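I have placed the structure first, in the form of structure tokens, so that the comments after it can refer back to it.
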Amino acid sequence: MQKADLDWKNLTFGFHKTDCNIRYTWKDGAWSGGTLSEDQHIPIHIGATSLHYGQTCFEGLKVFEQKNGDVVVFRVEENAKRLIRSCEKIFMAPVPEQLFIDAVYKVVNANLKFVPPYGTGASLYVRPFVFGSGPQVGVKPADEYTFMIFVTPVGPYFRTGFKPVHLIVEEEYDRAAPNGIGDVKVGGNYAAGLRASFRAKEQGYTEVLYLDAKEKRYIDESGPANFFGITKDNRYITPQSDSILPSITNMSLVSLAEEMGLNPERRPIDVEEIFSLKEAGCCGTAAVITPVGSITYGERKVVYSKDGNAGPIATALYNKLTGIQLGDEPDTRDWIRVIQAGSP
Ligand code: PLP
Ligand code: COI
């Protein structure tokens with residue numbers, strides 16, 4: 001396969017045009033067949049519920065080229081299931097799991113030349129999304145939905161890649177309410193976080209770390225990723241909260257941590273615990289594992305990385321996870337699906 005002419009090693013986490021996207025419509029209780037389209041725009045009704053009432057959700061997953069040329073996707077079934085939960089929570093027509101998986105395969109196969117070559121550190125980011133495309137003026141769910149996927153080759157989410165980032169505990173803004181929609185991947189959660197994230201960046205931090213909205217005491221997550229810590233006695237700890245996104249990367253790390261003897265714990269984490277951790281990290285599809293170098297909380301600051309490098313446990317977890325994704329480590333948990341076998 002002749003690859004696209006791109007500077008693979010220096011890709012940013014941004015939109016890079018590919019050949020096509022895929023689109024489906026839900027009307028009268030059924031999804032249409034998928035149509036591949038070269039158009040990067042969507043004609044949309046001015047009364048669409050996604051525009052007015054926030055009926056929109058998305059997913060994010062990655063496709064990799066392995067050493068033998070296989071093009072593979074990581075844990076696609078989990079993203080399909082989470083999209084169903086997101087749709088249901090905001091009263092949209094869910095996309096059946098098999099339809100989701102078929103759509104991923106079709107759109108990736110139609111854009112194979114944009115799958116970054118093995119060894120470049122880049123991947124093909126797959127962005128499925130669903131939105132209310134039918135009009136309503138009263139606050140009601142739409143009677144028409146659109147499901148689309150675009151793909152774009154990407155580099156690391158945080159510009160520094162696998163280098164420590166700096167977080168600030170967000171004390172003013174909340175991202176999600178305790179019984180709200182923080183546990184699903186809907187657009188409004190990200191809109192809610194834009195101002196806090198912008199302010200943190202202006203102040204020289206990479207991102208914010210949210211606390212639970214009710215007590216402002218327990219760690220929730222960062223804007224685009226879950227949070228984990230490594231305790232001084234080598235335990236992997238990560239927040240249990242109803243208002244964070246159940247991260248598929250974090251779920252995978254918990255399983256790897258178990259195997260590595262890190263006795264993972266998912267439980268409420270008091271923000272004071274940040275001062276006794278020896279390592280911390282953000283994790284997600286886009287963020288992969290991003291080591292946390294420091295966290296600022298009010299007047300106090302804890303520094304995990306003094307030399308600008310990741311700690312040994314975050315590094316071991318990163319190597320294990322990316323090793324499985326790239327086929328350099330055995331996929332003993334059945335996380336990998338081959339979309340296109342490499343030519344021998
Ligand atoms: N938390 C938030 C708010 C996210 O947007 C993401 C990204 O998807 C994650 C966590 C990480 O989830 P995952 O590992 O499934 O990508
Ligand atoms: C992802 O990791 O896939 C995300 O969606 C995070 C961010 C880009 C919003």
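The values are calculated or read from the model by the stated rules, or taken from the named source; none is laboratory data. This one's a predicted model, so the numbers in the text were calculated from it and none came from an experiment. Counting neighbours? That spans all protein chains shown, and the Cβs are built from the backbone with ideal geometry, glycine included. These accessible areas exclude ligands, DNA and RNA; they are computed on the full protein's heavy atoms, side chains included. Shrake-Rupley method; radii C 1.70, N 1.55, O 1.52, S 1.80 Å.
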Review point. Given H placed 1.01 Å from N in the peptide plane, which residues other than close sequence neighbours of LYS278 have an amide H under 5 Å from its amide H?
Key: ILE230, THR231, LYS232
Point to revise | Placed amide H near LEU209: partners under 5 Å, 5+ positions off or other chain | key: ILE168, VAL169, GLU170
Point to revise | For the chain, built as a Gaussian network whose Cα springs stay under 10 Å, the top-fluctuating residue of ILE269, ILE90, ILE46 | key: ILE46
Study note, to complete from the structure: Residue-normalised value, i.e. accessible area per residue, for the range 60-138 at 1.4 Å probe, in Å², stands at 34 Å²
Point to revise | Charge tally in the Cβ shell below 12 Å around GLY60, where Lys, Arg are +1 and Asp, Glu are -1, GLY60 excluded | key: +3
Review point. Applying the Karplus parametrisation 6.51 cos²θ - 1.76 cosθ + 1.60 with θ = phi - 60° to the phi angles of the range 154-171, what ³J(HN,Hα) value in whole Hz is obtained for each residue in order, glycine and proline being reported as x?
Key: 9, x, x, 5, 8, 3, 7, x, 7, 10, x, 10, 10, 10, 10, 5, 7, 9
Practice item. Just list whichever of LYS27/LYS89; LYS62/LYS320; LYS185/LYS320 have alpha carbons separated by over 22 Å in the model shown. Key: LYS185/LYS320
Practice item. Identify which of PHE91, PHE13, PHE131 has the largest mean-square fluctuation in a Gaussian network model of the chain, with springs joining Cα atoms closer than 10 Å. Key: PHE91
Point to revise | For ALA122, net neighbour charge (Lys/Arg +1, Asp/Glu -1) across residues whose Cβ lies under 12 Å away | key: +1
Point to revise | Area accessible to solvent at ASP328, 1.4 Å probe radius, in Å² | key: 80 Å²
Check your understanding: How would HIS41, HIS52 line up by accessible area, probe 1.4 Å, largest first?
Key -> HIS41, HIS52
Review point. GNM, the chain, Cα, under 10 Å: largest mean-square fluctuation among LEU194, LEU83, LEU209?
Key: LEU194
Review point. Is it possible to state the helix-based mean residue ellipticity at 222 nm for the chain, with each DSSP H run of 4+ residues giving -39500 (n - 2.57), the sum divided by total residues, to the nearest 500 deg cm²/dmol? What is it?
Key: -6500 deg cm²/dmol
Study note, to complete from the structure: Checking the range 264-328 for GluC sites (Glu not before Pro) in a loop per DSSP with at most 13 other beta-carbon atoms within 10 Å yields GLU299
Point to revise | Charge sum, other residues only, whose C-beta stays under 15 Å from ALA4's C-beta, Lys/Arg counted +1 and Asp/Glu -1 | key: -1
Exercise for review: Enter the accessible area of LYS232 (Å², nearest 10), with the probe set to 1.4 Å and all protein chains included.
Suggested key: 140 Å²
Point to revise | Solvent accessible area, Å² - ILE336, 1.4 Å probe, full protein context | key: 20 Å²
Revision key, fill the gap. By the Cα gyration tensor axes a ≥ b ≥ c (a/c under 1.5 gives rounded; else a/b larger than b/c gives prolate, otherwise oblate), the shape of the chain is oblate
Review point. Under the classification rounded if a/c is under 1.5, otherwise prolate if a/b is larger than b/c and oblate if not, where does the range 152-252 fall, given a ≥ b ≥ c as square roots of the Cα gyration tensor eigenvalues?
Key: rounded
